[in-house]
Amino acid sequence: MTLTVVKYGEPVLRRRGTRIEQVTPETHALIADMFDTMQASRGIGLAAQQVGHAIQLAVVDVRGVKDRPSSLWIDGQEADVESFMPLVLINPVVTPRGKPVAGPEGCLSFPEIFGEVSRSGEIDVVASNERGDAFHFRAGGLLARVIQHEVDHLNGILFIDRMDSETRTNLKEEIEELMAETKARISGKK
């Protein structure tokens, strides 16, 4: 089932997610719905906050993205990114390993708004999967960028917070317009 992706201005986007202590049937249902929603929206990552749940859960799938390569290492060995997807991250912890690299980003909660964001080129990730099993890996390229973007969401941080002041100034009008539309929609529901 596809869920509604909340837009900038919804308070849940600024909430730090609570840890998931146990993977339940409800967690599995939410994961399936998040993948459906991400795919329907043509996204490559989605955090629980973006569908109204302030918990430490994100889904990622970079399969088929050819113009921005990803890299993956498991236990120090290079691994096939495509076979590692789709990816469920529960309670993820990210440790930056590479130098910051600027690159374009968008966000399903900011439709049609794109900007350059600097993020670590490589990261180490420790998380649990959909079965609640702990796992770890190193990611680079687009996969590292997407995971950092989604983990930021889990901590109430948005990609606009990571933009340099010039980029954010250039997008100010669009960001303010989206905020106003969201606030108007929220107040109309009350």
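Derivation of every value follows stated rules applied to the coordinates shown; laboratory data play no part. If you're wondering where the values come from, they're calculated on a predicted model, not measured in any experiment. Because the Cβ atoms are built from the backbone with ideal geometry, glycine has one as well, and the counts that use them run over all protein chains shown.
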Simple spin-label estimate for Phe114 and Asn129 in nanometres, 7 Å along Cα-Cβ
3.3 nm
Can you work out the Karplus-derived ³J(HN,Hα) for every residue in the range 45-58? Use 6.51 cos²θ - 1.76 cosθ + 1.60 with θ = phi - 60°, whole Hz, and x for glycine or proline.
x, 8, 9, 4, 4, 6, 10, x, 10, 8, 10, 8, 9, 9
Step through the residues of the range 118-126 one at a time and calculate ³J(HN,Hα) from phi using the Karplus curve (6.51 cos²θ - 1.76 cosθ + 1.60, θ = phi - 60°), rounding each to whole Hz and writing x for Gly and Pro.
8, 9, 4, x, 9, 9, 9, 10, 10
Of all DSSP beta bridges located in the range 11-189, what percent are antiparallel, nearest 5?
95 percent
So for the range 11-189, averaging the separation of alpha carbon pairs under 8 Å that are six or more residues apart and normalising by length, what relative contact order in percent results?
25 percent
Counting other Cβ atoms within 10 Å, keep those with at most 16, restrict to DSSP loop, and tell me which trypsin sites (Lys or Arg not before Pro) in the range 114-185 are left.
Arg131
What is the sum of charges around Gly103, taking Lys and Arg as +1, Asp and Glu as -1, for the other residues whose C-beta is under 14 Å from the C-beta of Gly103?
0
Local net charge near Arg162, Cβ-Cβ under 12 Å (Lys/Arg +1, Asp/Glu -1):
-2
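Note the full-extension length gain between Glu78 and His136 as 0.36 nm times their separation in residues minus their Cα-Cα distance, in nm to one decimal. Before the final figure, lay out each step's value.
Working: separation 58, 0.36 × 58 = 20.88 nm, distance 1.33 nm.
Length difference between fully extended and current span is 19.5 nm.
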How far is the Cα center of the range 9-48 from the Cα center of the range 120-152, in Å?
15 Å
A chain fully extended from Gln22 to Lys66 at 0.36 nm per residue, minus the present Cα-Cα distance, gains in nm 12.3 nm
A correct Karplus calculation of ³J(HN,Hα) over the range 171-179, with 6.51 cos²θ - 1.76 cosθ + 1.60, θ = phi - 60°, whole Hz and x for Gly and Pro, returns 9, 3, 4, 5, 5, 5, 5, 4, 4
Positive minus negative residues near Val6 (Lys, Arg vs Asp, Glu; Cβ under 15 Å)
+2
